[in-house]
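The values are calculated or read from the model by the stated rules, or taken from the named source; none is laboratory data. Here the structure is a predicted model, which is why all the values come from computation and not from measurement. Using ideal geometry, Cβ is built from the backbone for each residue, glycine included, and neighbour counts are taken over all protein chains shown. Only protein heavy atoms, including side chains, enter the accessible area calculation; ligands, DNA and RNA are left aside. Shrake-Rupley method; radii C 1.70, N 1.55, O 1.52, S 1.80 Å.
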Amino acid sequence: MLGRFLELSVPAPRILDSWRFWERLGFAGALVGETWTHRYAVATDGRIAVGLHDADVAPGTLTYVRPDLGGHLTRLESAGVELETRVLGDDRFNEATFTAPGDQPFRLVEARTWSPPERATPSLFGWFEEYAIPVRDLEAAREYWERLGFVAVEEREHPWPGVGLTSDTLDVGLHAGADLGGPTLVFVADDLVTLRERLAEAGVEPDARLPRALDPRRWLRVTSPEGVRLLATVAEP
């Protein structure tokens with residue numbers, strides 16, 4: 001329904017500082033095109049990409065590529081999506097935006113704005129698992145995301161009541177009552193002790209406080225200069 005996931009877009013007014021942060025975590029740089037007139041960089045581990053925009057972008061925007069975007073917008077509106085903006089025209093880079101429950105912003109664009117690097121490997125945080133979103137009404141949010149083409153695959157009780165959804169290009173976790181504080185990328189690490197050591201070597205300081213539901217023996221969080229949370233946990237034994 002949405003197309004192919006491109007990136008988690010975030011505003012990065014200090015884009016060089018932001019880029020250096022993601023580089024220290026082991027993310028690779030992608031080759032960006034000339035679509036945007038503002039400064040723009042992309043960091044990726046091969047599974048998740050973060051687009052750093054020195055522009056007025058809604059924090060935590062999920063950006064998707066959808067060819068023939070103009071013809072697709074009618075189908076989205078028929079599915080109950082209320083578009084907030086649309087830019088269409090033969091002489092324009094076509095795009096549209098809307099917001100899902102939980103105040104999750106989306107942007108659809110007609111073509112890719114960067115090319116994957118030749119080599120991208122997992123970051124210090126390990127395996128990217130999902131994009132985590134706090135929601136107030138779990139069932140309403142679930143129904144909305146399913147209309148977008150996501151499939152619910154897992155009911156959860158811990159650390160918060162929620163549901164895991166999957167798609168071809170991005171997995172999402174909807175969490176009821178979660179104190180996440182902002183856009184959160186969830187990773188699975190082999191060992192938090194080793195991760196802490198590697199972060200220290202890279203000059204990255206973990207957050208001093210975690211959401212109340214998270215056991216610091218099993219969870220670790222780092223916040224990027226743009227406010228993106230990277231949350232690592234260890235696999236269940």
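Tabulated data for the structure shown
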{"quantity": "Residues of the range 89-109 that turn out to be open to solvent by less than 80 Å² (accessible area, probe 1.4 Å), outside any strand (DSSP E or B) and at negative phi, as a count", "calculated": "3"}
{"quantity": "Single condition Gly203 does not satisfy, out of (1) touching a helix residue (DSSP H, G or I) at 6+ places or on another chain (Cβ under 8 Å); (2) farther than 28 Å from Val81 by Cβ; (3) open to solvent by less than 20 Å² (accessible area, probe 1.4 Å); (4) not aliphatic (A, V, I, L, M)", "calculated": "(3)"}
{"quantity": "Residue tally, condition open to solvent by 10 Å² or more (accessible area, probe 1.4 Å), hydroxyl-bearing (Ser, Thr, Tyr) and under 19 Å from Asp103 (Cβ atoms), over the range 62-86", "calculated": "1"}
{"quantity": "When residues of the range 136-190 are limited to those that are charged (D, E, K, R) and part of a loop (DSSP other than H, G, I, E, B), the one least open to solvent (accessible area, probe 1.4 Å)", "calculated": "Asp171"}
{"quantity": "Count - residues of the range 115-131 that are touching a Phe, Trp or Tyr at 6+ places or on another chain (Cβ under 8 Å), not in a loop (DSSP other than H, G, I, E, B) and not acidic (Asp, Glu)", "calculated": "4"}
{"quantity": "Residue in the range 42-52 that is farthest from Leu185 (Cα to Cα), counting only those that are open to solvent by less than 40 Å² (accessible area, probe 1.4 Å), out of contact with any helix residue (DSSP H, G or I) (no Cβ under 8 Å at 6 or more places or on another chain) and not polar (S, T, N, Q)", "calculated": "Val42"}
{"quantity": "Pair list, Cβ under 9 Å, 6 or more apart: the range 40-57 residue on the phi > 0 side of the Ramachandran plot, other residue open to solvent by 20 Å² or more (accessible area, probe 1.4 Å) and among the charged types (D, E, K, R)", "calculated": "Gly46/Arg119"}
{"quantity": "All positions within the range 209-237 that are at pLDDT 95 or above and exposed (fewer than 11 other Cβ atoms within 10 Å of the Cβ)", "calculated": "none"}
{"quantity": "Filter result (in a loop (DSSP other than H, G, I, E, B) and touching a residue at least 24 places away in the same chain (Cβ under 8 Å)) within the range 11-39", "calculated": "Ala12, Pro13, Arg14, Leu25, Gly26, Phe27, Ala30, Gly33, Thr35, Trp36, Arg39"}
{"quantity": "Flag if Leu195 is of a type outside the set (Gly, Ala, Ser) and over 20 Å from Leu180 (Cα atoms)", "calculated": "yes"}
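One line per residue, one yes/no per condition, for (1) closer than 24 Å to Asp190 by Cβ; (2) out of contact with any Pro (no Cβ under 7 Å at 6 or more places or on another chain):
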position	(1), (2)
Thr99	no, no
Glu118	no, yes
Thr121	yes, yes
Ala132	yes, yes
Gly149	no, yes
Val153	yes, yes
Arg156	yes, yes
Thr166	yes, yes
Leu174	no, yes
